[in-house]
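Report on the following structure.
Every number here is computed from the coordinates shown, using simple stated rules; none is lab data. Note that this is a predicted model, so its numbers are computed, not measured. A quick note on method: Cβ atoms are made from the backbone with ideal geometry, for glycine too, and the neighbour counts reach across all protein chains shown.
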Amino acid sequence: MKDLSKKYFEKELIKENKIITDCRILPNIDHPFFFVTKCIAFAETVTESYVIGGATNGQIWFWSLKTQNHIRDAVIFEDKNEIYAIDAIDVVICKGNMYVAVGTTWHLAVYDFTRNTVIIRFNHEFGYMRSLKIIDNQGLVVLVGDEKGNICKVQVDTKTVIIMPVIYGHTSCINVIYSPQGCKILVAKRDFAAKVVDYDTGKVEKIFRGHTGSIVSIFLLQNDKGIKLVTGSQDGRVIIWNYDTQQQEATLCMFRMPVESVEIVGGKSGLYIVVAYHEDKIVVFNAHTYEAVQIITNKNAWVKSLKEIVYENRHVVMCLTDLQKIAFLNVE
């Protein structure tokens, strides 16, 4: 991948910090009839690193970072009378094998990379699906958030579904954490609140209220001040919460535009919160002081999603833009 940072990104440095230093652009993945990629994931096995994309034609594609080749397409959903656009994708490595969970509005499937086959596929009755997460928790489990406010646990091996009612409203994003207190589910709802749910009981243990728009990113941050919950919202704010007291500790707000995606990224010089705003801005914040240290302007398109990956011992932010460019931003 060539360094195309001068063509695609314009870096405006604050206090002359150079956190994100260059940009690599993945070559376009060609699909018949101009189907486009809506979501991306990353997976690393012992021998290979893959970028995985979910497309609007019901297929997923695999790109090898090692060989720099498009190596495989897999048909997940196929119907002569209907096209199933893949809206959500996640991947997990389990016992050395790669499994990809993909979802459309009303469908869910899990793809086995080694056997090159879909091992579970069905039309779900959860309601309109907005987010999913696949984990290895004593067997493959897919967590699905639906429009009714439920979190649905799909046991892949037994093809059983356990429904955990949480609260009414679309689930906008979902994440999973493991703590000394057990496995917890981080979930954001349409009522603009973030919740911590016990994985086993489905009990809502913590509620974080303060946003005035839909939450698009949710995760935990551990810095020198303790454990924090981080939420990014379409109200244009990223809020840092005290995980124990559920109180707001800091608000990151650089522009009056919706937040598209947030990611925690490690680098040689520290830990950072990277925020992609609607339109053309990416802002890098110090994860300890919460100060903005770098602004990057995308000249041609806005970034729809961010994901940290570690590749060749380097911390990289993988970005998907609305013009189908997949960029890799190197973090120092």
Dipole of the chain, positive direction: furthest Cα of Ser49, Gly149, Thr251, with charges on the beta-carbon: Thr251
Global geometry of region 65-111, whether rounded, prolate or oblate, following the gyration tensor of its Cα atoms and the 1.5 cut on a/c: oblate
Sequence-distant residues sharing a close amide H with Ser261 (under 5 Å, placed H): Ala276
Euclidean distance between Cα centres, region 213-237 to region 37-73, Å: 28 Å
(i) 23.6, 95; (ii) 23.7, 75; (iii) 19.2, 56, with the label sought being that of the calculated Rg and Dmax of the Cα atoms in Å: (iii)
Fluctuation leader among Asn175, Asn57, Asn116 - the chain, Gaussian network, Cα springs under 10 angstrom: Asn116
Residues Ile174, Ile151 arranged by fewest to most Cβ contacts within 10 Å: Ile174, Ile151
